[in-house]
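The block underneath contains the structure these notes are about, expressed in structure tokens.
The values are calculated or read from the model by the stated rules, or taken from the named source; none is laboratory data. Only a predicted model underlies this, so the values are computations on that prediction, with no experimental measurement involved. Please note: Cβ atoms are built from the backbone with ideal geometry, for glycine as well, and neighbour counts cover all protein chains shown. Quick note on the areas: whole protein, heavy atoms, side chains included, nothing else; ligands and nucleic acids left out. Shrake-Rupley method; radii C 1.70, N 1.55, O 1.52, S 1.80 Å.
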Amino acid sequence: MSFCEKKLEGKLIYDGKVLKLNVDSVLLPDGKTAEREYINHSGGAAVLYVEDNKVLLVKQFRYAYGKEIYEIPAGKHEKGEDPEITARRELEEETGYIAKDLKELFKLYPTPGYSDEIIYVYLAENCFKSRTNLDEDEFVECEFIEIEKVCKMIKCGEICDAKTIAAVYKYLSNN
């Protein structure tokens, strides 16, 4: 049996700078109809950089959660931008590091129940320090944290960011 749903009609509810909110009528596999609310998002890229067994994390206030969180450097794609370019830009902007080499680790669907966002996660290697170039409304603090401590922070719930958790565990499974 195919689980594919066919779009019958769609309505754009909100068109913002970061996302678009849609409501579509769909035909279900059993012939019934349903509504699907979903967000169109340009997607993004994230970068894991490990140096001397320490993970480079950024700490920033995330408005939606109302608190500061630790995460790997990341950002959204500009229109038509290649994910690797996004990853390089965000790493340098947020941390001041430039990667000579980037390897794609995986792609992540962070919220498949209601968004089409895809985050491409890269491993940075052979980095050198340059300078940060934060966006006007961006306030970020960078810190190298021992990978063992990062794992403890994940286990105790201090780090809850999905892309960061997935990147760290993927890295550890490959090493």
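When K107 is tested against (1) at pLDDT below 95; (2) within 19 Å of the chain's Cα centre (by Cα), only condition (1) is not met. Taking first residues from segment 34-45 that are acidic (D, E) and partners that are in a loop (DSSP other than H, G, I, E, B), the Cβ contacts under 8 Å between residues at least 6 apart in sequence or on separate chains come to E37/Y114. If you take the residues of segment 119-175 that are more than 19 Å from the chain's Cα centre (by Cα) and among the basic types (K, R), which of them is farthest from R62 (Cα to Cα)? Among those residues, the one meeting the criterion is K129. Among the residues of segment 50-77, those that are under 14 Å from the mean Cα position of the chain (by Cα) and open to solvent by 70 Å² or more (accessible area, probe 1.4 Å) comprise R62, K76.
Within segment 30-88, can you find the residues that are touching a Ser or Thr at 6+ places or on another chain (Cβ under 7 Å) and among the small types (G, A, S)? Once the filter is applied, which keeps residues that are touching a Ser or Thr at 6+ places or on another chain (Cβ under 7 Å) and among the small types (G, A, S), segment 30-88 yields G44, A45, G75.
Of everything in segment 134-169, what is assigned to a helix (DSSP H, G or I), among the charged types (D, E, K, R) and buried (at least 16 other Cβ atoms within 10 Å of the Cβ)? Give them in sequence order. Before the answer, list the steps.
Kept after step one, since they are assigned to a helix (DSSP H, G or I), are these residues of segment 134-169: 147-155, 162-169.
From the residues that got through so far, the ones that are among the charged types (D, E, K, R) too are 148-149, 152, 155, 163.
Answer for segment 134-169, where residues must be assigned to a helix (DSSP H, G or I), among the charged types (D, E, K, R) and buried (at least 16 other Cβ atoms within 10 Å of the Cβ): just K163.
For E37, the conditions (1) farther than 30 Å from I154 by Cα; (2) open to solvent by 90 Å² or more (accessible area, probe 1.4 Å); (3) out of contact with any Leu (no Cβ under 8 Å at 6 or more places or on another chain) all hold with the exception of (3). For segment 1-33, the set of residues classified as without any contact (Cβ under 8 Å) to a residue 12 or more places away in the chain, over 24 Å from I119 (Cβ atoms) and either assigned to a strand (DSSP E or B) or open to solvent by 90 Å² or more (accessible area, probe 1.4 Å) (or both) consists of D30, K32, listed by residue number. When E104 is tested against (1) open to solvent by 90 Å² or more (accessible area, probe 1.4 Å); (2) of a type in the set (D, E); (3) touching a residue at least 40 places away in the same chain (Cβ under 8 Å); (4) outside any loop (DSSP other than H, G, I, E, B), only condition (3) is not met.
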